[in-house]
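Notes follow once the structure below has been shown.
The values are calculated or read from the model by the stated rules, or taken from the named source; none is laboratory data. Values in this document were obtained by computation on a predicted structure and should not be read as measured data. Cβ sites come from the backbone with ideal geometry, for glycine too, and all protein chains shown count toward neighbours.
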Amino acid sequence: MSALSMTGVRAGYNDLNVLRGIDISVMPGEICGLIGPNGAGKSTLLRSVIGLGVRMEGAITLCGEDIASIPRSRMARLVSYLPQNFNPSSRLSVFETVLLGRHPYRRGWSMDSREDLETARLCMEETDTWHLRERSFSNLSGGEKRLVMLASALAQEPRLLLLDEPGSSLDFRHQLSMWKLLRKLSGNGIAVVVSTHEVALAGRYMDSVLLLSGGRSAAFGSPKEVFTAGILSEVFQVDLTVLHDGMTDSWVVVPGP
């Protein structure tokens, strides 16, 4: 059973259609990358999965269930979503920010449980943010904030993780660590759908790729099938060369001559 299935999905805002006829299936333990030019519809696709301010047509199922039939309280346990933008001026501490991810498991105004505290700590250690726990979230750098929000998303313990450009603002070391962490999570059965512009690096870790262009699927398949000079050059409208790295079985995208 797929963790996420989208069939004939059209989505947009008010009278504007952004996505047109999207069909994908993502299995548990799979990392699916969303790539494409700015404005191609990557963020809209992620938002449509959880019905966040998007008008949607077509069928979307999570773990075999139609999203329309899933209560919001249960949706919050199934899916965790990390948007591109979040409240940068929050007065919460870093640890309090990560604990927000535990809200789906609380009852009413109950206090943080020992399990909540331990889960938050583990997620912060995984994202290299534990040392920031007493800092104010608003005083962090852009990259630090993104890592903290990733820790909060992980604290939800989702079966499907939706990430909108999580590597934005991260230095190269933390970008690499993030992708290794996503690979580790997928090994534990979590499905990951992640939009990214870090094509050369991300190609090492993705199991499948959806290439969007003008709101439509230009290609969907394995990195080997999608990462071709012809397909990428046409969509991004720039001459690109794709090299295969036999040592890591990955694809490296570089500017053409």
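Observations, loosely collected:
- Qualifying positions in the range 23-58 - in a strand (DSSP E or B) and either among the hydroxyl-bearing types (Ser, Thr, Tyr) or over 25 Å from residue 200 (Cβ atoms) (or both): 23, 25, 55, 56, 57, 58
- Residues being modelled with pLDDT of 90 or more and buried (at least 17 other Cβ atoms within 10 Å of the Cβ) - total across the range 203-235: 18
- Residue match in the range 59-71 (condition: in contact (Cβ under 8 Å) with a residue 12 or more places away in the chain, in a strand (DSSP E or B) and in contact with a Ser or Thr (Cβ under 6 Å, 6 or more places away or on another chain)): yes
- Selection count, the range 161-187, where residues are among the charged types (D, E, K, R), over 14 Å from residue 127 (Cα atoms) and not in a loop (DSSP other than H, G, I, E, B): 1
- Any hit, the range 120-128, residues being in contact (Cβ under 8 Å) with a residue 24 or more places away in the chain, surrounded by fewer than 17 Cβ atoms within 10 Å (Cβ to Cβ) and in contact with a Phe, Trp or Tyr (Cβ under 8 Å, 6 or more places away or on another chain): no
- Residue tally, condition among the hydrophobic types (A, V, I, L, M, F, W, C), under 17 Å from residue 78 (Cα atoms) and not in a helix (DSSP H, G or I), over the range 106-160: 1
- Looking only at the range 154-176, and only at residues there that are of a type in the set (A, V, I, L, M, F, W, C) and crowded, with 23+ Cβ neighbours inside 10 Å, the one that is farthest from the chain's Cα centre (by Cα): 155
- Those residues of the range 49-72 which are at pLDDT below 95 and of a type in the set (Ser, Thr, Tyr), in sequence order: 69
- Cβ pairs under 8 Å, 6+ apart, first in the range 202-229 and over 21 Å from residue 2 (Cα atoms) and among the polar types (S, T, N, Q), second buried (at least 21 other Cβ atoms within 10 Å of the Cβ) and at pLDDT below 90: 228/242
- The condition of being out of contact with any helix residue (DSSP H, G or I) (no Cβ under 9 Å at 6 or more places or on another chain) and surrounded by 22 or more Cβ atoms within 10 Å (Cβ to Cβ) holds for only one of 46, 19, 34, that being 46.
- The test for being out of contact with any Gly (no Cβ under 6 Å at 6 or more places or on another chain) and on the phi > 0 side of the Ramachandran plot holds for residue 157.
- Criterion: in contact with a Pro (Cβ under 9 Å, 6 or more places away or on another chain) and modelled with pLDDT of 95 or more - qualifying residue of 93, 80, 138: 80
- Taking residues in the range 176-196 that are of a type in the set (Ser, Thr, Tyr), and partners anywhere that are assigned to a loop (DSSP other than H, G, I, E, B), the pairs with Cβ atoms closer than 7 Å and at least 6 places apart or on different chains are 177/128; 186/29; 186/30; 195/165; 196/165; 196/167.
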